Amino acid sequence: MGGLLEKSDRNHHLMLGGICKERMPPLGLLCLLIGFPQNSCTHLHGGLKSWESTVEEITGYAGVAQKIIDLAVYGDARNRSYEKLANFTDAVGNRLSGSKNLERAIDYMYNALKQDGLDNVHLEAVKIPHWVRGEESAMMVEPRHYKLAILGLGSSVATPVGGIEAEVLVVQSFDELKQRASEAKGKIVMYNQPFVSYEETAEYRAKGASEAAKVGALASLIRSVTPFSINSPHTGWQDYEEGVIQIPAACITLEDAQMMARIAQRGQRIVIRLTMSAQTLPDADSFNTVAEITGSKYPEQVVLISGHLDSWDVGHGAMDDGGGVAISWEALSLLKDLGLRPKRTVRAVLWSAEEPGGVGAKQYYERHKANISNFNIVMESDMGTFRPQGFQFSGKPKALRIMAEVMKLLQPINATKLEEPAEGTDIQMWMDAGVPGGSLLTENSKYFWFHHTHGDTMAVQDPVEMNLCSAVWAILSYVIADLDEMLPR
């Protein structure tokens with residue numbers, strides 16, 4: 001290498017194979033040294049443009065951003081994302097991992113994306129969990145007869161044939177369960193944990209059964225993870241700890257959990273008969289669904305936008321995450337309709353099996369991580385497509401500074417807020433590896449009212465709010481994909 005590189009004391013230029021790059025950053029120099037094409041050395045992860053030039057470049061997209069807004073919010077595409085979602089959910093319904101309905105959903109989306117004239121529409125094979133709910137019921141038999149509204153938790157085992165009839169031990173926390181461990185053997189443990197935040201409270205759903213099993217419980221019930229209820233149980237995935245006996249696990253409503261807590265405080269005995277026929281079948285074949293607007297200059301470099309196609313087997317999966325799927329599809333449609341082809345590829349990925357823990361997305365990452373340097377940003381919408389407020393972002397300070405400028409383009413629809421960090425089960429592994437990440441920020445205070453319930457239907461969705469979300473998703477993905485330089489990392 002010494003013969004290729006020399007320094008001129010007079011002009012401080014770097015000479016490499018006859019190419020002169022004044023004060024080339026280390027990444028650009030490395031790019032040339034390892035043989036990348038010369039033009040690719042000027043757009044990898046930022047660093048060549050001055051800050052003033054970057055701001056000027058971003059400001060120059062104001063006209064394009066307004067065109068996207070005009071089409072999505074006021075023009076021929078108005079309400080289109082809502083109609084796409086309504087047509088889809090009405091035709092397919094809910095889409096549990098491993099189910100025939102999820103297969104139908106993937107076929108539906110593949111054909112719809114093809115018919116929309118998008119680029120490189122294809123499927124990428126994955127293996128996903130296949131859990132089946134079966135019949136389930138819970139009846140309080142003491143101190144009175146009362147039918148409880150329940151939903152089994154994903155991956156739960158069944159009760160023995162004929163069910164379990166046992167006394168209930170009511171606790172409010174894992175700590176209380178440990179303190180009362182001697183009382184738990186042979187009982188059904190019911191967690192009446194208060195809702196603090198989703199992340200914190202969902203620990204009871206994820207770990208409740210195994211913690212109860214450790215102290216000899218026969219089954220586990222959790223108060224649904226929600227701040228608000230109209231007697232609606234909220235399901236979700238739960239995980240069995242290795243080496244711990246597996247016991248049935250289900251959620252009950254906030255109202256019933258509070259009622260049993262009151263009865264227990266009075267010293268009255270509670271007995272429940274729980275019956276569940278859930279089963280876990282062998283992993284199923286499935287697919288991540290992909291469509292693109294192929295980049296005009298650096299097609300190998302990718303801005304990834306996404307939502308997950310699977311849902312729970314209750315409700316219609318309109319909010320979680322049909323909305324994220326619809327606006328990711330619509331973002332590509334808006335760019336196509338306006339003839340906007342950015343320098344880099346905008347790729348929409350509709351994930352399979354997010355609900356069991358981002359299973360399809362993890363396999364996508366393993367398949368594509370060898371090209372991680374070509375992923376400019378990974379984005380996911382999975383917290384509802386309510387009125388957009390802005391964007392959540394994870395990345396280096398310089399990248400955050402760039403995104404703050406990009407967000408100013410959303411001033412016409414008052415969606416300029418920028419927060420840290422980004423969130424999304426399906427993109428977390430990319431962010432952990434250093435790729436910038438982003439998630440849609442919306443006014444989602446009611447999200448957990450409907451989350452994983454029978455109430456997750458089109459009634460939750462609003463066409464005007466979806467228009468705005470589609471505009472945000474299209475503007476951000478286009479501008480980031482079209483900037484001269486990739487986001488710094």
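Before moving on, here are some points about what is shown:
- Taken over the chain, the convex hull of the Cα atoms encloses 162 Å³ per residue.
- Taking Cα atoms only, the orientation of helix 80-92 departs from the longest principal axis of the chain by about 40 degrees.
- The chain: calculated mean residue ellipticity at 222 nm from DSSP helix runs of at least 4, using -39500 (n - 2.57): -9500 deg cm²/dmol
- Neighbour cut-off at most 13 other Cβ (10 Å), DSSP loop, chymotrypsin sites (Phe, Trp or Tyr not before Pro), segment 224-321: PHE228
- Given R0 = 35 Å, the distance between the Cβ atoms of SER296 and ASP90 translates into a calculated FRET efficiency of 0.45.
- Tensor-based shape of segment 179-303 (alpha-carbon gyration tensor, a/c under 1.5 rounded, otherwise prolate or oblate): prolate
- Sorting the segments 247-257, 90-100, 374-384, 394-404 by their residues' average number of neighbouring beta-carbon atoms within 10 angstrom, most packed first, yields 374-384, 247-257, 90-100, 394-404.
- Whether segment 340-489 is rounded, prolate or oblate, judged on the alpha carbon gyration tensor where a/c under 1.5 counts as rounded: oblate
- Surface share of carbon and sulfur [accessible, 1.4 angstrom probe, percent] for the chain: 50
- Accessible surface computed residue by residue for the chain, with neighbouring protein chains in place and a 1.4 Å probe, gives 41 Å² per residue.
- Remark: C-alpha extents of segment 302-387 on the principal axes read 41, 33, 17 Å, sorted largest to smallest.
- Overall form of segment 406-489 per C-alpha gyration tensor (a/c, 1.5; a/b vs b/c): oblate
- Remark on SER97: its backbone amide H falls under 5 Å from those of SER311, a criterion applied only to residues 5 or more positions apart or on other chains, H modelled at 1.01 Å from N.
- Counting only DSSP beta bridges with both residues in the chain, the antiparallel share comes to about 60 percent.
- For segment 381-476, the set of GluC sites (Glu not before Pro) satisfying both a DSSP loop assignment and a count of at most 15 other C-beta atoms within 10 Å is given as GLU443.
- Sequence-distant contacts, meaning Cα pairs under 8 Å at least 6 residues apart, place the relative contact order of the chain at 20 percent.
- Highest-first arrangement of 150-162, 207-219, where packing means the average Cβ count within 10 Å: 207-219, 150-162
- Taking packing as the residue-averaged number of other Cβ atoms within 10 angstrom, the listed peptides 450-462, 289-301 run from highest to lowest as 450-462, 289-301.
- Bridging of LYS369 to lysines at a Cα separation below 27 Å is possible for LYS114, LYS127, LYS297, LYS343, LYS396, LYS398, once same-chain residues fewer than 8 apart are set aside.
The values are calculated or read from the model by the stated rules, or taken from the named source; none is laboratory data. Values in this document were obtained by computation on a predicted structure and should not be read as measured data. Cβ sites come from the backbone with ideal geometry, for glycine too, and all protein chains shown count toward neighbours. Quick note on the areas: whole protein, heavy atoms, side chains included, nothing else; ligands and nucleic acids left out. Shrake-Rupley method; radii C 1.70, N 1.55, O 1.52, S 1.80 Å.
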